[in-house]
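The values are calculated or read from the model by the stated rules, or taken from the named source; none is laboratory data. Model, not experiment: these values are computed from the prediction. Note: ideal-geometry Cβ built from the backbone for every residue, glycine included; neighbour counts use all protein chains shown.
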Amino acid sequence: MAVGIALAVAAGVYWIAFDPRPSHREEALNLCRSARECFVRGEFLLAEKTYLRAIALDPALAAPYDDLGLLYASQGRLGAAVEQFKKALANRPDAASTHSNLGLAYARQDSYALAIPAYEQAIRLDPGLADARYNLGLAYTEERRFEEALVQHAEVVRLNPSFARAYYQMGRVHTHRLEYGKARDFYQKALSLDPRLADAHYGLGWVEGEKGDVERAIASYREAIRLNPRHTYALYRLGLVYTATGRREEAVAALESAVRADSAYTKAHYSLGQAYLKLGRRAEALRELARAGKVREARRKLDE
């Protein structure tokens, strides 16, 4: 699952240590401001060059490293982002937002074991940092540390009672724990706050399906897809429900949409291949089963 909070441009005040060249510090800060303006305008290469000029002028200033990390993260250059956040923290280790950004950069690489201590440090420095708590809850869930995940999301809704996604995440934790009644309650609470939250409709569909209410499951999955036509997991689960109930043509349509939404989703390719086989479409079935194998092999090589 994906993961859910975006990185933001750092705009906080940075404590400035004594520098024998105050004019360089002022010029570096001005360059940071110019680079941020370039970033907002989408002039990423110019922003990068300007941040690097600020760093060359004043390597002890945290701001340009932090901002450069955010720039790299926005471009998907997550390894480079991690390095910049670490350099920012070397200059200012008490910056809670930078620890949080470092955690998010790790999490976006599925390195949750590294993300967790970064988020935890952010919260120690700023207990009211709701974004870090939310993301820490996500990381705990991915590591199957469910009780700790619930604690963080409960604190998030205490800080922000209208944050629907935190209730959805609590429903997700209870789904993992097969506590479907509790999961349904949290999904419904999320939807009472945000009826357009596609993930919560998807979660409800999962719960209804596991409890044997096929028609309600289908309705929830369809609503998730209506709100987000590229909701891969809702499309996939809808295809499975249709397959299980003998609605083979509808199953194929849902699963075809799932692989269009995410061509790297191995399970969807495999299930689509099986659905084609049941319709006697052997050539298409073999194609999808082969794609499932290729995706799995590619992922195995990436993990080596």
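Taking only the stretch 55-78 into account, find how many residues are out of contact with any helix residue (DSSP H, G or I) (no Cβ under 6 Å at 6 or more places or on another chain), surrounded by fewer than 19 Cβ atoms within 10 Å (Cβ to Cβ) and under 14 Å from Asn101 (Cβ atoms).
Selection size over the stretch 55-78: 2.
If Gly209 satisfies every condition in (1) at pLDDT 95 or above; (2) surrounded by 20 or more Cβ atoms within 10 Å (Cβ to Cβ) but one, which is the exception?
Going through the list (1) at pLDDT 95 or above; (2) surrounded by 20 or more Cβ atoms within 10 Å (Cβ to Cβ), Gly209 breaks only (1).
Within the stretch 226-273, how many residues turn out to be of a type in the set (Lys, Arg), more than 15 Å from Leu289 (Cβ to Cβ) and in a helix (DSSP H, G or I)?
Summing the residues that are of a type in the set (Lys, Arg), more than 15 Å from Leu289 (Cβ to Cβ) and in a helix (DSSP H, G or I) in the stretch 226-273 gives 4.
What residue, among those in the stretch 26-54 that are without any contact (Cβ under 8 Å) to a residue 24 or more places away in the chain and closer than 23 Å to Asp94 by Cβ, is surrounded by the most Cβ atoms within 10 Å (Cβ to Cβ)?
Looking at the filtered set, the residue picked out is Tyr51.
Looking at the stretch 244-256, which of its residues are in contact with a helix residue (DSSP H, G or I) (Cβ under 6 Å, 6 or more places away or on another chain) and either free of Cβ contacts under 8 Å to residues at least 24 places away in the same chain or buried (at least 20 other Cβ atoms within 10 Å of the Cβ) (or both)?
Selection gives Glu250, Ala251, Val252, Ala254, Leu255.
Across the stretch 260-271, what is the number of residues that are surrounded by fewer than 24 Cβ atoms within 10 Å (Cβ to Cβ) and in contact with an Asp or Glu (Cβ under 8 Å, 6 or more places away or on another chain)?
Of the residues in the stretch 260-271, 1 are surrounded by fewer than 24 Cβ atoms within 10 Å (Cβ to Cβ) and in contact with an Asp or Glu (Cβ under 8 Å, 6 or more places away or on another chain).
If the Cβ limit is 7 Å and pairs must be 6+ apart or interchain, which residue in the stretch 58-81 that is within 17 Å of Arg25 (Cα to Cα) pairs with which residue that is β-branched (Val, Ile, Thr) and assigned to a loop (DSSP other than H, G, I, E, B)?
Hits for this filter: Asp67/Val9.
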